[in-house]
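Student: Have a look at this one.
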Amino acid sequence: MLLCYVDESTQGRFHGFAAILADEYATRRLTASLNRIMDQASVDYGIPSTTEIHAHPMFHGREAWKDVGSRARVGLFYKIIDAIVLEDVTILLRSVDQVRLEQRQANQNYPVAFPPEQICFQHILQRADASPGAERLTV
């Protein structure tokens, strides 16, 4: 069975989703690696080891990251990315431009104008379903 972890991001007119597809073994190893990184960050920078890893607060020094210097945050981000790419996972990225989507829906007289988040989520799920091993996929 593959697991699909999906996260959403919105920046202005762009709506995006990222997904990681992994089997249970890669998921366990990756979870252990990320926990080790956060355990060490807790020791080094005083943030709770249970802090969720989200790029926006890390990059901008917000929430739990507010007292962690920018070089340290970037270094931790690199460690997190390295941990992900070292595992046997598939990374999927999809985005939708809200303005272009609305123009297309208007120009082609779509009977229902779906929001960009819904369209983008549909795209990421379709891509996950088309990935190798998708017959083992659990979302």
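Student: Report, in debye and to the nearest 20, how large the dipole of region 80-139 comes out about its Cα centre when Lys and Arg carry +1 and Asp and Glu carry -1 on their Cβ.
Tutor: So the dipole magnitude of region 80-139 works out to roughly 280 debye.
Student: Bin all alpha-carbon pair distances of the chain at 10 Å intervals from 0 and give each bin's fraction as a whole percent.
Tutor: 11, 32, 31, 19, 6, 1
Student: Here's another thing I want to ask about it. Divide by every residue of the chain the summed helix terms, -39500 (n - 2.57) for each DSSP H run of at least 4, and state the resulting mean residue ellipticity at 222 nm, rounded to the nearest 500 deg cm²/dmol.
Tutor: -16000 deg cm²/dmol
Student: Also, quick follow-up: Name the most mobile residue of Gln126, Gln40, Gln108, meaning the one with the largest mean-square fluctuation, in a Gaussian network model of the chain with Cα contacts below 10 Å.
Tutor: Answer for the Gaussian network model of the chain: Gln108.
Student: What is the calculated FRET efficiency for Leu93 to Ser70, with r their C-beta to C-beta distance and R₀ = 30 Å, to the nearest 0.05? Could you put the intermediate results ahead of the total?
Tutor: Values: r = 25 Å, r/R0 = 0.82.
Using R0 = 30 Å, I get an efficiency of 0.75.
Student: May I ask you to list the trypsin sites (Lys or Arg not before Pro) in region 56-90 that are in a DSSP loop and have at most 12 other Cβ atoms within 10 Å of their Cβ?
Tutor: Arg62, Lys66
Student: Over the chain, what is the relative contact order in percent, taking alpha-carbon pairs closer than 8 angstrom and at least six residues apart?
Tutor: Relative contact order comes out at 36 percent.
Student: Quick one: work out the % antiparallel among DSSP beta bridges in region 2-138, nearest 5.
Tutor: Roughly 90 percent of the DSSP beta bridges within region 2-138 come out antiparallel.
Values quoted throughout were computed directly from the atomic coordinates according to the rules given, and no laboratory measurement underlies them. Please read these numbers as outputs of a predicted model, since none were measured by experiment. Neighbour counts are summed over all protein chains in view; Cβ atoms, including those assigned to glycine, are modelled from backbone coordinates with ideal geometry.
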